Amino acid sequence: MNWFSLRNPLSFAAVGALALAAAGCGGPAAEQSPPGGISPQVMADALHAVMESDRTVYTRNVVNRLQNEENVILASEHWKDDKALPLPAQMFRMSAEMVAETTDAFHYSLLSKWPVNKQNAPRTELEIAGLDAVAADPAKPFYGTEELGGVEYFTAVYADTAVAPACVSCHNAHRDSPRDDFELGETMGGVVIRIPLG
């Protein structure tokens, strides 16, 4: 299976507090919390809020600013050889790998129905359904459960949109991209978060 384990050094109590804050402290999602804990949906939503913020900040304030606006340095998938910035998707993946040894509490990946890197294509029926759903309505996350390798997971899919011109120009010009007509603000894929149940 192609997803990355995110191992978070925060305690579950800290993650729970973050999740409750993200849910609005007492909103409908908080009411779904099991006794003594938080629901998988609230946890996934809170984790995604952090992931999306980090990804957007890096894309807009580092890559787009330094490459597209100020022409200081390029971003490249061969960033080490080219002495360039890593692409936002690479930063996302490297961050997941860096923290991959501290917990099995959840897994996450960045997938697309139009991946530049074919290993980032959806593989399960739920991933495909989730990517279709967030492409149709980016503001609404997709939730479901699925069994993989004998383990039942709560799976959440969130729209990954083109937040800066750098996203659009990179994907549209890449020789391995299945599409060359992305527009700013369009859904390009999705963040998939899985939380094991039981």
Would you please give the FRET efficiency between Ala173 and Ala136, computed as 1/(1 + (r/R0)^6) with r the Cβ-Cβ distance and R0 = 30 Å, to the nearest 0.05?
0.70
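On a full-extension model of 0.36 nm per residue, what is the gain between Trp114 and Thr145, subtracting their alpha-carbon distance, rounded to one decimal in nm? Kindly include the intermediate steps, with their values, before the conclusion.
Values: separation 31, 0.36 × 31 = 11.16 nm, distance 2.37 nm.
Extra length from Trp114 to Thr145 when fully extended: 8.8 nm.
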Please work out how much length the chain gains when fully extended from Val57 to Met94, using 0.36 nm per residue of separation minus the C-alpha to C-alpha distance, in nm with one decimal.
11.7 nm
Between beta-carbons, use under 15 Å as the cut-off and find the net charge around Thr187, counting Lys and Arg +1, Asp and Glu -1.
-4
Around Asp176, under 10 Å between beta carbons, what's the net of Lys plus Arg minus Asp minus Glu among the other residues?
+1
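For the pair Ile73 and Thr102, what calculated FRET efficiency results from E = 1/(1 + (r/R0)^6), where r is the Cβ-Cβ distance and R0 = 41 Å, to the nearest 0.05?
0.85
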Any idea how far apart Lys83 and Arg65 come out in nm if each label point goes 7 Å out from Cα toward Cβ?
2.3 nm
Run the simple label-point estimate for Glu183 and Ile128 please: 7 Å along Cα→C-beta, distance reported in nm.
2.8 nm
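Computed from the coordinates by the stated procedures, all read-outs in this text should not be read as laboratory data. Everything numeric here is computed off the predicted structure, so don't read it as measured data. With ideal geometry, Cβ positions are generated from the backbone for all residues, glycine too; neighbour counts draw on all protein chains shown.
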